[in-house]
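None of the figures in this text is laboratory data; all of them are computed from the coordinates on show. As the structure is a prediction and not an experimental result, all values here were calculated from the model. Don't worry about glycine lacking a Cβ; one is built from the backbone with ideal geometry, like all the others, and counts go over all protein chains shown.
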Amino acid sequence: MSNARHCASCGKKYYPKAWNSYPEDDYIYDNGETTRFVVRPQDKRFHSLGCMKEFIAKNSIAFANLVDSISYNKIQDINNNQTIEKG
Ligand SMILES: [Zn+2]
């Protein structure tokens, strides 16, 4: 069984478990604590950072809607927490 996928932007064959596939894991360093955001191999869609950026630019309206829907949820969570703290 092959783990190969085709890049959602250029169609090139790539291997999500390899280091050069995107989105890639990211990290936040805060007060000596590291938080890691893991991107599972099955959730990677692009063979390069350039392809991911190109895809986002080509689909900027859909991408903006996605970001807004996620951001809206985060704002709701913050508001809910503030309500709980005040109550
Ligand atoms: Zn590509």
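What about residue 8, is it of a type outside the set (S, T, N, Q), within 16 Å of the ligand (Cβ to nearest atom), part of a loop (DSSP other than H, G, I, E, B) and touching a helix residue (DSSP H, G or I) at 6+ places or on another chain (Cβ under 9 Å)? Full working, then the answer.
On the way: of a type outside the set (S, T, N, Q): yes; within 16 Å of the ligand (Cβ to nearest atom): yes; part of a loop (DSSP other than H, G, I, E, B): yes; touching a helix residue (DSSP H, G or I) at 6+ places or on another chain (Cβ under 9 Å): yes.
Yes: the conditions hold for residue 8.
Which of (1) over 10 Å from the mean Cα position of the chain (by Cα); (2) under 18 Å from residue 5 (Cβ atoms); (3) within 16 Å of the ligand (Cβ to nearest atom) is the odd one out, the single condition residue 42 does not satisfy?
Going through (1) over 10 Å from the mean Cα position of the chain (by Cα); (2) under 18 Å from residue 5 (Cβ atoms); (3) within 16 Å of the ligand (Cβ to nearest atom) one by one, residue 42 breaks only (3).
Cβ-Cβ under 6 Å, sequence separation 6+ or interchain: first residue in the range 42-62 and without any contact (Cβ under 8 Å) to a residue 40 or more places away in the chain, partner among the aromatic types (Phe, Trp, Tyr) and within 11 Å of the ligand (Cβ to nearest atom). Which pairs?
Once the first residue is without any contact (Cβ under 8 Å) to a residue 40 or more places away in the chain and sits in the range 42-62, its partners that are among the aromatic types (Phe, Trp, Tyr) and within 11 Å of the ligand (Cβ to nearest atom) give 46/22; 49/22.
In the range 17-28, what residues are assigned to a loop (DSSP other than H, G, I, E, B) and either over 13 Å from residue 52 (Cβ atoms) or more than 18 Å from the chain's Cα centre (by Cα) (or both)? Reasoning before the result, please.
First, pick out the residues of the range 17-28 that are assigned to a loop (DSSP other than H, G, I, E, B): 17-21, 23-25.
Within the range 17-28, 17, 18, 19, 25 qualify.
Hey, can you tell me all the residues within the range 29-58 that are outside any helix (DSSP H, G or I) and under 12 Å from residue 8 (Cα atoms)? So that I can check it myself, show each step before the final result.
Residues of the range 29-58 that are outside any helix (DSSP H, G or I), as a first pass: 29-40, 44-48.
Within the range 29-58, 44, 45, 46, 47, 48 qualify.
From the list 61, 56, pick out the single residue that is among the aliphatic types (A, V, I, L, M) and away from the ligand (no atom under 16 Å from the Cβ). Steps first, please.
Working: 56 fails: away from the ligand (no atom under 16 Å from the Cβ).
None of the others qualify; the one that does is 61.
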